[in-house]
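The values are calculated or read from the model by the stated rules, or taken from the named source; none is laboratory data. No experiment lies behind these values; they were computed from the predicted model shown. Ideal geometry is used to build each Cβ from the backbone, glycine not excepted, and the neighbour counts take in all protein chains shown. For accessibility, only protein heavy atoms count, side chains too; no ligands or nucleic acids. Shrake-Rupley method; radii C 1.70, N 1.55, O 1.52, S 1.80 Å.
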Amino acid sequence: MIVHDQERQTFTLNTRRTTYQMKVDEYGVLLHTYYGRRVESRDLSGLVRYADRGFAPNPSEAGGRREYSLDILPQEYSTSGVGDFRLSSAEVELPDGSCLLDLRFTGAQVREGKYGLEGLPAFHGEGWETLSVTLRDPSSGLEVELLYGVWEEEDLITRAVRVTNAGAAAVRLRRVMSLCLDFCRGDLDMITFDGGHARERWPSRMPLRPGVQGVGSARGVSSHQHNPFVVLCERDAGEDHGMCWGAALLYSGGFTAQAERSQFEDVRLVMGPSPLCWTLAPGETFTAPEAALVCSPDGLTGMSHRFHRAVRRRLIRDPYEGRRRPVLVNNWEATYFDFNARKLLDLAGAAAPLGIELLVMDDGWFGQRNDDLRGLGDWVVNESKLPGGLEALVPQVKALGMRFGLWVEPEMVNEDSDLFRAHPDWALGAPGRPRARGRGQLVLDFSRQEVRAHIYDALKKVLDSAEVSYLKWDMNRSLTDVWSMALPADRQGELCHRYVLGVYEMLEQLRRDYPDMLIEGCSGGGGRFDLGMLYYTPQIWCSDNTDAIDRLKIQYGTSFCYPVSCVGSHVSVSPNEQNGRVTPMETRGVVAMGGTFGYEMDLGRCTEEERSVIRRQTADYKRHSRLIQEGDYYRLTDPFQAGDFTAWEHAGPDGREALVSLVNGATRAAPPFFSLRLKGLDPARRYRINGGEQLWGGDVLMYAGYPVPTPWGDYQSTQLYLEAVEESE
Ligand code: GLA
């Protein structure tokens, strides 16, 4: 609930378990007074400290009050150049060349429902309240609207920022952060989620040190290297205890997430799109993308659960909110570019009797796309591979009992393509300067409407030619040579953000035209795995690394913010095609069930024994899909710590059922005994495990643990299905 206390000039955002508060002070400065465990106080400004400290400037209205300094006070949206030397939230270049921004309160409004953001992803749905606070720089007339959405039930607070030029001349925005969050304490850790291609989102946890630290992406996409999600937490916070603050950006372009521990041991966190250089003409508004905040007083698991529920219920849109995703087979690792209709139908024919529901035709079906050097941009079916096009292929796939899905990479072009030969200026790149290729391809200028329209029309023709139930939208390089034919010199700095807006616009159009088609995002695996994409694509291919053992770490890191129902995960061949590791089929299945389950291998070459394993896996997955996708996800062990097992659990509502998965690493002789303490059960209930005779108390399983049998062999796995027995039993 949002409470505006007119008398004290405070705004309190209460959720079930947390309180967030700000206060307008006597000079109109918007102070941030608190964000943490819920407290019942309408004015927490007593927590704010004032002190006369050296080299801490005082605003002119403060007169002789040397203890009043913006450099010391916790602020809701920090300024630049006027006395606060910590991280700024916004930076501008004004018509007179000055870069000064002072923000003072002018008004606020509380309303029912959730604000929306034109052209940008945003949380939505029922149960929200919105607070809008307007600040103004008195000298330039620049207005900043701070938007807050409060979803009380899951302790979610969203933020977004609109900057409007109310002056008479253009100003240039150099930085507009989506959020700024001040903490009156310095003893915090920061967790970031880092890695690279095929090694995404490994958690990295460090105590905040003095000064600025952070992560970001200058690649034009959110990136494999650093995820736009960070956590600040108490030094001793763990899965089940301690204060944690998670912040995620709903944005798929370049970003920055920075924390600063200041000279007085306080902390400021900022997060927003980056780099930015945006010219704002008089009357125009720039909107910084939404950020989502969760404060968890009960550790990292509680934080993740809140994000998971919020994403599932208030970000993913109909009809995929809560809908079971199809078990699919993708032909990429089965055939790479070397396929034709026969091979695809053979794959579909092998898949259908195994319980697989959808065939995805990956890269290579269009233009002259026989390798990764040509064809991108020519979205016309290659009839030498697929005679008669999709019109001929898809009904045959359907006749086998399978639905059909398609891979596309709309944002890209190869120089060896009809599209590039006709429109060389449609690719990003400055005239007279050789362009860098990535995977042999260039990036189309998606800031341009005519480029988007051409690609959309071409894709539409293909999509309209048959029943396409699923689309994999890929994006396989970082942006370089960021220059557009369509923008004047002084607006080239806007290109990266305009590009992202262009991608969002086309995705929205696809959603409108094909509301039932499931779109899976992808960028060389998880190079654009963010809440922004999830608004349009309810699931994202988690990583090009399909090795089950590497995936344990990737999926573990991904789970801190993102729910299982969004994480694309498939069983592939062994030895694995990325690292040569040999793993049992059972284990590959168990790990793929930690996401949206599917296969990515030549099923026609499986042995009868493998086929029976697959049949069992698809049946198990379907049986447990609700529990897996909608249950509470618990990280039971940390795969980055030494230990023989990685384990996780999906627990159903009210402790009625749970599914526990365990995978052991490379084996060793005479290992220590291991008991796995489960979570999320009802301590008062008794459980049957995998239909066995013996009953186990929920309290015993949670407090003493389940005695895990000693593993035999490398990379083995176990799944335990727990069902609470009725008390009469
Ligand atoms: C990317 C994707 C893969 C596959 C290939 C096709 O690498 O992540 O899954 O679709 O492109 O070229």
Report summary line: On each of the three principal axes the extent of the alpha-carbon atoms of segment 367-517, given in whole Å and largest first, is 56, 31, 22
Query raised in the report: Do any GluC sites (Glu not before Pro) in segment 334-400 lie in a DSSP loop with no more than 15 other beta carbon atoms within 10 Å, and if so, which?
Result: GLU383
**Report entry** Computed Kirkwood radius, in angstrom, where 1/r is averaged over Cα pairs of segment 379-430
**Finding:** 13.5
Query raised in the report: Percent relative contact order of the chain, based on C-alpha pairs within less than 8 angstrom and at least six residues apart?
Result: 10
Query - 10 Å-binned pair-distance histogram of segment 483-600 (Cα, whole percent) - result: 13, 36, 26, 17, 7, 1
**Report entry** Packing rank of 310-323, 21-34, where each peptide gets the mean count of other beta carbons within 10 Å, highest leading
**Finding:** 21-34, 310-323
Requested in this report: Once you have the Kirkwood Rh of segment 66-205 from its Cα pairs, apply Stokes-Einstein at 4 °C and 1.567 mPa s and quote D in µm²/s.
Outcome: 75
Query raised in the report: What do you get for Rg/Rh of segment 603-662 when both radii come from the Cα atoms and Rh is the Kirkwood radius?
Result: 1.10
Query raised in the report: What's the Cα-based Rg to Rh of segment 1-75, Rh via Kirkwood?
Result: 1.03
Query raised in the report: From the Cα gyration tensor of segment 647-703, with a ≥ b ≥ c the square roots of its eigenvalues, which class applies: rounded if a/c is under 1.5, or else prolate if a/b is larger than b/c, or else oblate?
Result: prolate
Query - Average Cα contact separation per residue, segment 321-416, under 8 Å, 6 or more apart, as relative contact order % - result: 31
Query raised in the report: Of VAL500, HIS423, TYR556, which is farthest on the positive side of the dipole of the chain, counting Cα position, with +1 on Lys and Arg Cβ, -1 on Asp and Glu Cβ, and the Cα centre as origin?
Result: TYR556
Query raised in the report: Can you give the accessible area of ARG623, probe radius 1.4 Å, in Å² rounded to 10?
Result: 150
Query raised in the report: Gain in length, ASN340 to ALA168, computed as 0.36 nm per residue apart minus the alpha-carbon separation, to one decimal in nm?
Result: 55.8 nm
Report summary line: Probe 1.4 Å, heavy atoms of protein chains only: per residue, the accessible area of the chain in Å² is 36
Query raised in the report: Distance from the Cα centre of segment 557-600 to that of segment 471-521, in angstrom?
Result: 28
Report summary line: Percent of all Cα-Cα pairs per 10 Å bin for the chain, counting from 0 up to the last occupied bin, reads 3, 14, 24, 24, 19, 11, 5, 1, 0
Query raised in the report: Between GLN368 and ALA218, what is the FRET efficiency for a Förster distance of 35 Å, r being their Cβ-Cβ separation, to the nearest 0.05?
Result: 0.60
Report summary line: Counting only DSSP beta bridges fully inside segment 257-389, the antiparallel percentage to nearest 5 is 65
Report task. With N denoting the number of residues in segment 55-149, provide Rg(C-alpha) divided by 2.2 N^0.38 Å, to two decimal places. Result -> 1.30
Query raised in the report: In the chain, which Cys residues have no partner Cys with a Cβ closer than 4.7 Å?
Result: CYS99, CYS180, CYS184, CYS277, CYS295, CYS496, CYS522, CYS542, CYS561, CYS566, CYS606
**Report entry** Selected from LEU659, TYR634, THR646, residue furthest toward positive end of dipole (segment 621-661; charges at beta carbon)
**Finding:** LEU659
Requested in this report: Starting from the Cα gyration tensor of segment 206-264, take the square roots of the eigenvalues, sort them a ≥ b ≥ c, and report rounded, prolate or oblate (rounded when a/c is under 1.5, otherwise prolate if a/b is larger than b/c, else oblate).
Outcome: oblate
Query - Percent of Cα pairs exceeding the 23 Å cut-off, where the set is segment 254-350 - result: 64
Query raised in the report: Using 18 Å as the cut-off for backbone N distance, which residues of segment 232-257 belong to the label zone defined by a point 7 Å from the Cα of ARG677 along Cα→Cβ?
Result: 236-243
Query - Peptides 410-420, 475-485, 562-572 ordered by average Cβ neighbours within 10 Å, highest first - result: 562-572, 410-420, 475-485
Query - Point-to-point label distance, LYS398-ASP240, nm (Cα→Cβ direction, 7 Å offset) - result: 5.2
Report task. Provide the convex hull volume over Cα atoms per residue for segment 145-291, in Å³. Result -> 131
Requested in this report: Starting with the highest mean, order 367-379, 103-115 by the number of other Cβ atoms within 10 Å, averaged over the residues of each peptide.
Outcome: 367-379, 103-115
Query raised in the report: Hey, what's the Kirkwood Rh for segment 130-218 if you take every pair of different alpha carbons, in angstrom?
Result: 16.7
Query raised in the report: How much FRET efficiency would the formula 1/(1 + (r/R0)^6) give for SER612 and VAL82, where r is the Cβ-Cβ distance and R0 is 60 Å, rounded to 0.05?
Result: 0.25
Query raised in the report: Distance from the Cα centre of segment 172-227 to that of segment 232-294, in angstrom?
Result: 8
Query raised in the report: Can you list the residues of segment 73-92 with backbone N under 20 Å from a point 7 Å past the Cα of PHE55, pointing along Cα to Cβ?
Result: 73-74, 79-88
Query raised in the report: How much space per residue, in cubic angstrom, does the convex hull of the C-alpha atoms of segment 521-667 take up?
Result: 121
Report summary line: With R₀ set to 60 angstrom, the calculated FRET efficiency between the beta-carbons of ARG623 and ALA489, to the nearest 0.05, is 0.50
Query raised in the report: Hey, what does the equivalent ellipsoid look like for segment 627-729, semi-axes from the Cα gyration tensor as sqrt of 5 times each eigenvalue, largest first, whole Å?
Result: 25, 15, 11
Report summary line: Scalar couplings 3J(HN,Hα) for segment 276-286 by Karplus 6.51 cos²θ - 1.76 cosθ + 1.60 (θ = phi - 60°), nearest whole Hz, x for Gly and Pro, are 9, 8, 10, 8, 10, 6, x, x, 8, 10, 10
Query raised in the report: How far is it, in nm, from the label point at LYS460 to the one at ASP513 when both lie 7 Å from their Cα along the line to the Cβ?
Result: 0.4
**Report entry** segment 402-553: antiparallel DSSP beta bridges as a percent of all, rounded to 5
**Finding:** 25
Report summary line: segment 389-430 scanned against label point 7 Å out from THR480 along Cα→C-beta; backbone N under 14 Å for 428-430
